[in-house]
């Protein structure tokens with residue numbers, strides 16, 4: 001909703017010329033004609049005024065002469081999704097918001113709907129690993145700062161969350177923490193907040209959450225800092241909420257091909273031979289959504305991994321959901337995958353050309 005919508009309210013008696021000046025002044029491309037009680041009487045757009053000029057109309061006449069008396073409106077409590085669908089279908093860029101008595105309470109602008117709504121959910125990015133599997137690459141550089149596609153992996157992850165509206169971040173750091181803090185600072189470069197959870201010893205992918213300075217009030221998203229993915233984090237949050245889960249784990253389908261013909265037997269008899277069969281598994285993708293209440297299961301100052309936390313959730317008979325990733329996903333923890341990421345980054349993460 002646009003904050004300056006009151007500037008475009010005009011009375012029905014205002015001359016067309018003055019209305020035109022008001023539209024130009026606000027650059028909102030529309031004026032809302034209202035009575036003394038702010039009840040919507042009609043709308044006037046730049047197009048309405050141009051049509052009046054072409055018809056030779058008198059610009060000194062009251063604006064009610066040319067206003068659209070049956071404009072499309074939305075109720076203020078309608079969902080963003082429904083408004084976006086309707087505006088795209090009708091090809092409207094601005095629609096008045098009204099209450100039950102048709103009084104104007106705002107203006108919905110398409111550009112604002114296309115931007116993700118700001119989210120207060122905290123995001124914890126695990127960036128403290130040693131990266132030993134990457135050999136000499138991490139000798140002088142922490143794994144999250146390794147460049148893929150011309151920028152650090154952790155920057156790509158951060159910007160993916162920002163694109164979905166997240167603005168509160170915690171980086172769990174240990175190995176060469178100062179380099180990560182120096183690069184990202186307090187997040188002001190990206191217009192977000194970044195705080196740091198300092199692991200004095202290895203606490204695992206769940207244990208680091210015990211370092212949060214305060215218990216969150218909203219579901220938090222946790223992600224390993226060495227993953228490249230195009231998952232829509234808003235859809236992940238919606239899935240978690242819709243399933244009323246205490247904890248949600250993202251999973252990725254992993255196919256494993258047996259390089260030999262598999263012989264199936266029954267006692268001493270051969271029943272069939274399957275040539276090089278493929279077995280499919282769901283693997284832990286290193287992305288999670290957690291309800292604040294389950295943080296109580298995490299012991300302080302103790303190594304505790306996510307699988308242990310999910311086991312605890314199940315033991316306490318709470319709902320643990322899985323969110324299957326169909327989007328691009330790659331863990332760059334191994335050298336072969338790191339090299340693969342270099343080749344695939346431009347395909348999946350490069351900005352589209354205008």
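I'd like to know if the range 304-315 contains one or more residues that are more than 19 Å from residue 203 (Cα to Cα), surrounded by fewer than 18 Cβ atoms within 10 Å (Cβ to Cβ) and either touching a strand residue (DSSP E or B) at 6+ places or on another chain (Cβ under 6 Å) or in the same structural domain as residue 215 (by TED's automatic domain parsing) (or both).
yes
Being in the same structural domain as residue 233 (by TED's automatic domain parsing), buried (at least 18 other Cβ atoms within 10 Å of the Cβ), within 24 Å of residue 212 (Cα to Cα) and in contact (Cβ under 8 Å) with a residue 24 or more places away in the chain narrows it down to one of 146, 158, so name that one.
Details: 146 fails: within 24 Å of residue 212 (Cα to Cα).
On inspection, the qualifying residue turns out to be 158.
Pick out the one residue from 209, 218 that is in contact with a helix residue (DSSP H, G or I) (Cβ under 9 Å, 6 or more places away or on another chain), at pLDDT 95 or above, surrounded by fewer than 22 Cβ atoms within 10 Å (Cβ to Cβ) and over 28 Å from residue 139 (Cβ atoms).
Numbers: 209 fails: surrounded by fewer than 22 Cβ atoms within 10 Å (Cβ to Cβ).
Criteria check complete, one pass: 218.
Quickly run through the range 21-57 and pick out the residues that are loosely packed, with under 14 Cβ neighbours inside 10 Å and at positive phi.
Selection gives 27, 56.
Would a scan of the range 265-283 turn up a residue that is within 24 Å of the chain's Cα centre (by Cα) and assigned by TED's automatic domain parsing to the domain that holds residue 170?
Checking the range 265-283: at least one residue is within 24 Å of the chain's Cα centre (by Cα) and assigned by TED's automatic domain parsing to the domain that holds residue 170.
When residue 124 is evaluated against the numbered criteria (1) under 26 Å from residue 287 (Cβ atoms); (2) outside any helix (DSSP H, G or I); (3) at pLDDT below 85, which criterion, by number, is the only one it fails?
Here residue 124 meets the rest and fails (3).
Could you please tell me which pairs satisfy a Cβ distance under 9 Å, a separation of 6+ or placement on different chains, a first residue in the range 337-354 that is outside the structural domain of residue 134 (by TED's automatic domain parsing) and exposed (fewer than 15 other Cβ atoms within 10 Å of the Cβ), and a second residue that is assigned to a loop (DSSP other than H, G, I, E, B) and modelled with pLDDT under 75?
If the second residue must be assigned to a loop (DSSP other than H, G, I, E, B) and modelled with pLDDT under 75, no pairs are left.
Out of the range 30-59, which residues are assigned to a loop (DSSP other than H, G, I, E, B) and either at pLDDT 95 or above or under 17 Å from residue 6 (Cβ atoms) (or both)?
Across the range 30-59, the qualifying residues are 35, 36, 37, 38.
Could you figure out which of (1) assigned by TED's automatic domain parsing to the domain that holds residue 44; (2) loosely packed, with under 14 Cβ neighbours inside 10 Å; (3) touching a residue at least 60 places away in the same chain (Cβ under 8 Å) isn't true of residue 100?
Status for residue 100: all satisfied but (3).
Which condition from (1) assigned to a helix (DSSP H, G or I); (2) touching a strand residue (DSSP E or B) at 6+ places or on another chain (Cβ under 9 Å); (3) under 30 Å from residue 136 (Cβ atoms) is the one that residue 339 breaks?
With (1) assigned to a helix (DSSP H, G or I); (2) touching a strand residue (DSSP E or B) at 6+ places or on another chain (Cβ under 9 Å); (3) under 30 Å from residue 136 (Cβ atoms) applied to residue 339, the lone miss is (2).
Condition check: surrounded by 19 or more Cβ atoms within 10 Å (Cβ to Cβ) and modelled with pLDDT under 90. Does residue 134 satisfy that?
yes
Going by the structure shown, is residue 135 in contact with a helix residue (DSSP H, G or I) (Cβ under 7 Å, 6 or more places away or on another chain) and assigned to a loop (DSSP other than H, G, I, E, B)?
Considered against the rule, which asks whether it is in contact with a helix residue (DSSP H, G or I) (Cβ under 7 Å, 6 or more places away or on another chain) and assigned to a loop (DSSP other than H, G, I, E, B), residue 135 comes out as no.
Please find, within the range 231-250, the residue that is nearest to residue 157 (Cα to Cα) out of those that are assigned to a helix (DSSP H, G or I) and touching a strand residue (DSSP E or B) at 6+ places or on another chain (Cβ under 6 Å).
Per the stated criteria, the residue is 236.
Restricting attention to the range 183-206, and to residues there that are under 24 Å from the mean Cα position of the chain (by Cα) and in contact (Cβ under 8 Å) with a residue 40 or more places away in the chain, which single residue is surrounded by the fewest Cβ atoms within 10 Å (Cβ to Cβ)? It would help to see each step written out before you state the result.
So in the range 183-206, the residues under 24 Å from the mean Cα position of the chain (by Cα) come out as 183-197, 205-206.
Next, only the ones that are in contact (Cβ under 8 Å) with a residue 40 or more places away in the chain stay: 197, 205-206.
Details: 197: 22, 205: 24, 206: 26.
In this case the residue turns out to be 197.
Condition first: modelled with pLDDT under 90 and surrounded by 13 or more Cβ atoms within 10 Å (Cβ to Cβ). Now tell me which residues in the range 60-77 satisfy that.
Within the range 60-77, 76 is the sole residue that qualifies.
How do the strands (runs of 3 or more DSSP E) wholly within the range 252-294 filter down when requiring 3 or more residues that are over 28 Å from residue 320 (Cα atoms) and modelled with pLDDT of 90 or more: which remain?
Because the criterion is at least 3 residues that are over 28 Å from residue 320 (Cα atoms) and modelled with pLDDT of 90 or more, the strands (runs of 3 or more DSSP E) in the range 252-294 that meet it are 261-266, 269-275.
The values are calculated or read from the model by the stated rules, or taken from the named source; none is laboratory data. What you see is a predicted model, and the numbers here were worked out from it, not measured in a lab. For neighbour counting, all protein chains shown are included, and Cβ atoms are generated from backbone atoms with ideal geometry for every residue, glycine included.
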